[in-house]
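Student: This is the structure, below, for whatever I ask next.
The values are calculated or read from the model by the stated rules, or taken from the named source; none is laboratory data. Quick caveat: nothing in here was measured; it's all calculated off a predicted structure. Note: ideal-geometry Cβ built from the backbone for every residue, glycine included; neighbour counts use all protein chains shown. Just so you know, the surface numbers come from the protein's heavy atoms only, side chains and all, with ligands and any DNA or RNA stripped out. Shrake-Rupley method; radii C 1.70, N 1.55, O 1.52, S 1.80 Å.
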Amino acid sequence: MSQENSIRLSISGMSCAGCVASVEKALAAVPGVTQSAVNFAEHTALVKGDVQATQLVQAVKDAGYDAAELMSEADQEEKEAAELLHYRQLLKKFIVAALLGFPLFISSVMGKMPGLESNREFWFVIAVLCLFVMIYSGRHFYIGAWKAFKVHNANMDTLIALGTGAAWVYSLLITLFPSIVPETARHVYFEPAAIIIALINLGSALEMRARGKTSEAIKRLIGLQAKTARVIRDGEERDIPISEVGLDETIRVRPGEKIPVDGLVIDGHSSVDESMLTGEPLPVEKTAGSEVVGGTINKNGSFLYQAKRIGKDMALSQIIEMVRQAQNSKPSIGRLADKISAVFVPTVLIIAVLTFLVWFNIGPEPKASYILVTTMTVLIIACPCALGLATPISIMVGVGKAAEYGILIRNGEVLQQAGKIRTVVLDKTGTITEGKPTVTGVMYGDGWDEKQILSLAASIETQSEHPLAEAIVEYAKQQGVETSPVSNFQNVAGHGVCGEINSQAVLFGNQKHLQKQHIETHLFDNEAQIMANKGHTAMYLAMDKKLIGLISVSDPVKKDSKDAIARLHKLNIKVVMLTGDNQRTANSVAHHVGVDEVIADVLPQHKADKVKALQAKGHVVAMVGDGINDAPALANANVGFAIGTGTDVAIESADVTLMAGSLHGVANTITISRATVSNIKQNLFGAFIYNAIGIPIAAGVLFPYVGLLLNPVFAGTAMAMSSVTVVTNANRLRFLKPESI
């Protein structure tokens, strides 16, 4: 989401995907709304724009549904408590309806039911009991259908209300006035009405329970938040609610405690379990100056730290919000289902009318019975729920599974697109390598010594933000070398730096940097070549147009880069390394980790062009980087992966953030994406096939050939179980272990 106002609503009263379309349409029509996404699986809506929550709630109510703003975790807990209560109510409604419906159904199957004309009083009592069941157990269907009717809409409640209502009205008329139809048509349908209501309530309860499991990833993230913090105020330590912690407040963390908010360690040391953020099991050492993140767990030491990010600015809060946004978003594969769902119920109503007309005109006697059975069965068997749940339920589980592995996905479209990746482009520094380079050698010309070369290089690099510059400055400090003031400093992107020290022009950078200024480099070319063969980066130092020294820096390859790239190859993905380093150094690193292709000597501003060139060849390209200079390439790639340890600019430009900083996250994302899209396709196929086969059979297409008509009770069972099947299938993703694939 952007900087626009973001409002999250809890929506009640939605019974199918058609309801989703109605709510989204109502929200989109509110002035100021720029984007709205309704999650049928979670029964929530996420709305962006310059708008008030009260306007949105009223728009939802005007559309025939109910809504409330979710502002805090307390609201979320209240929503979950209400859902639990609703689940229990559905079970009670199922039991009440089943107590009437199933004995009647079993008696009917066994041929033990009393005759209609000789036992009209008995059947009248059954009619009253059935009406009670319809009011107590099925009231929400009829209320939902009426609300939809008032706003000129139709939904799943409409189908159930019409089917069971028609069955009860017909049966009551037959009970009171049996002579209005031929003797062969004098059959009542009280038990199907009661059983259908029972089964659909049971199906809704099972679906709700299964849906609750899909949001476990969010619940776990929320559960990571500390409830209290031990702050030091006026020289005293006191425990306060986390909501009362202020910026720059000093907080003590003891062994085994959760860290309350984000901040900087100011005293003490410990190791912290950050696996909830990164997925990495090994604790991270923390000393003065180290960053700590709220929700992570302190292991064995004790320390003091200053609060730097609180409330919604905390990393954990932002992660929770990002996961929620992704779970609410819709990939393109789900939009087809949305379009079909929007017209599904009206289509079913038309099919029901056509079924009525066909049986009325060419059906055998007793026509009234055949018409009622087929029309009611068409209405009952149709299941827009399965269609509506097929995509969002899988997206919720897939995004949640990714979060478990320290992978933050921006939206559902990215989750779908990641599975199509065929080429992964990797930046070298900080992506394949640690991004923590160290000086490995210092060479100098006649009349110079090591400390002089280090002093000049460190002086001019003090003003640079490049990782290699930091390595040289740090090394100079360790050697006790003093630096000098620099004037007229310039950073020449992709080449090096230049400036003046004591009124003398100093250049420091790669070979091209010096050659552009017509400075000879042959004095150290052999040494530079030897270093490049080892994977080290060599940088030339010149003063007053004369080469005076060479410094080599090595950035060690991450321990797991080689294995991660091997995993990508097993997924049939081509791996390309893109770097500003020279060809020889790049080849050395590429050979070590098993990269397929190397593109070296690339200036930062040209990285995006290289990505576009690969896309022009028909590749679906992922870019993985961690620096500011990677941001344009990340934005241009089909899917951009930012290493979570990198810069904020890179993370903002990316579609996926890998909190652990490991390339295994790329392979995990692709695996989770492919599994999620496959799961969505299974759900959609199942929902389409179920309706495509079930509705014609319910209408009686097999009757002329095999004399088969579908019993409305079986139609109700199939309808109730279809959405449960979809949700259960989606929940299989919770057991996915991408690293084992």
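Student: Which chymotrypsin sites (Phe, Trp or Tyr not before Pro) in region 658-693 sit in a loop by DSSP (not H, G, I, E or B) and have at most 15 other Cβ atoms within 10 Å of their own Cβ?
Tutor: Sparse-neighbourhood loop chymotrypsin sites (Phe, Trp or Tyr not before Pro): none present.
Student: Which lysines does Lys545 reach when only Cα atoms under 16 Å apart count, and residues fewer than 8 places away in its own chain are ignored?
Tutor: Cα-Cα hits under 16 Å: Lys512, Lys516.
Student: In whole Å, what is the distance between the alpha-carbon centres of region 655-670 and region 711-728?
Tutor: Taking the Cα centre of region 711-728 as reference, the centre of region 655-670 is 39 Å away.
Student: I've got another one for you. Show that you can apply the helix-only estimate: for the chain, add -39,500 (n - 2.57) for every DSSP H stretch of four or more residues, divide by all residues, and state [θ] at 222 nm to the nearest 500.
Tutor: -16500 deg cm²/dmol
Student: Could you work out the local net charge near Glu470, counting Lys and Arg as +1, Asp and Glu as -1, over the other residues with Cβ closer than 12 Å to its Cβ?
Tutor: Charge balance in the 12 Å sphere: -2.
Student: On average, how much accessible surface per residue is there in the chain, in Å², for a 1.4 Å probe, leaving out ligands, DNA and RNA?
Tutor: Ligands and nucleic acids excluded, the figure is 44 Å² per residue.
Student: Could you pull out every residue, at least 5 positions away or on a different chain, whose amide H is within less than 5 Å of the one on Ile310? Hs are placed 1.01 Å off N in the peptide plane, and Pro or chain starts have none.
Tutor: Those qualifying (amide H under 5 Å, at least 5 residues apart or on another chain) number zero.
Student: At q = 0.17 Å⁻¹, what is the log10 ratio I(q)/I(0) for region 350-419, with the Debye formula run over Cα points and no solvent?
Tutor: Result of the Debye calculation: -0.67.
Student: Quick check: at a probe of 1.4 Å, how many percent of the accessible area of the chain sits on carbon and sulfur atoms?
Tutor: With neighbouring chains kept in place, the figure for the chain is 57 percent.
Student: Once amide H atoms are placed 1.01 Å from N in the peptide plane, what residues at a sequence separation of 5 or more from Val284, or on another chain, have their amide H within under 5 Å of its amide H?
Tutor: Val272, Asp273, Glu274
Student: May I pose another question? Which net charge results for the neighbourhood of Gln325, defined as the other residues with beta-carbon distances under 10 angstrom from its beta-carbon, given Lys and Arg at +1 and Asp and Glu at -1? Can you show the working numbers first?
Tutor: Values: positive: Arg8, Lys48, Arg324, Arg410; negative: Glu321.
Within the 10 Å Cβ shell, the charges total +3.
Student: Which of the lysines could a cross-linker bridge to Lys61, judged by Cα under 30 Å and excluding same-chain residues fewer than eight apart?
Tutor: The qualifying lysines are Lys25, Lys48, Lys79, Lys92, Lys93, Lys147, Lys150, Lys213, Lys219, Lys312, Lys330, Lys339.
Student: Still on this structure, please answer the following. Taking every pair of alpha-carbon atoms in region 536-666, what share in percent sits in each 5 Å bin, from 0 to the bin with the longest distance?
Tutor: Final binned percentages: 2, 10, 17, 21, 23, 13, 6, 4, 3, 1, 0.
Student: Taking a temperature of 20 °C and a viscosity of 1.002 mPa s, what whole-number D in µm²/s does Stokes-Einstein yield for region 44-110 with Rh from Kirkwood over alpha carbon pairs?
Tutor: For the chosen part, D equals 139 µm²/s.
Student: If you rank Met110, Met443, Met134 by how much accessible surface each has, with a 1.4 Å probe, what is the order from largest down?
Tutor: Ranking Met110, Met443, Met134 by accessible area, largest first, yields Met110, Met443, Met134.
Student: Next question. When the Karplus curve 6.51 cos²θ - 1.76 cosθ + 1.60 is applied with θ = phi - 60°, which whole-Hz ³J(HN,Hα) does each residue of region 297-309 get, with x for Gly and Pro?
Tutor: Per-residue couplings from phi come out as 10, 6, 8, 10, x, 10, 8, 10, 8, 9, 6, 10, 9 Hz.
Student: I'd like the per residue volume of the convex hull spanned by the Cα atoms of the chain, given in cubic angstrom.
Tutor: 193
Student: Let me ask something else. For the chain, what is the percent of antiparallel DSSP beta bridges, rounded to the nearest 5? Don't skip to the end; give the middle numbers.
Tutor: Working: 73 of 92 bridges.
Bridges in the chain that DSSP calls antiparallel: roughly 80 percent.
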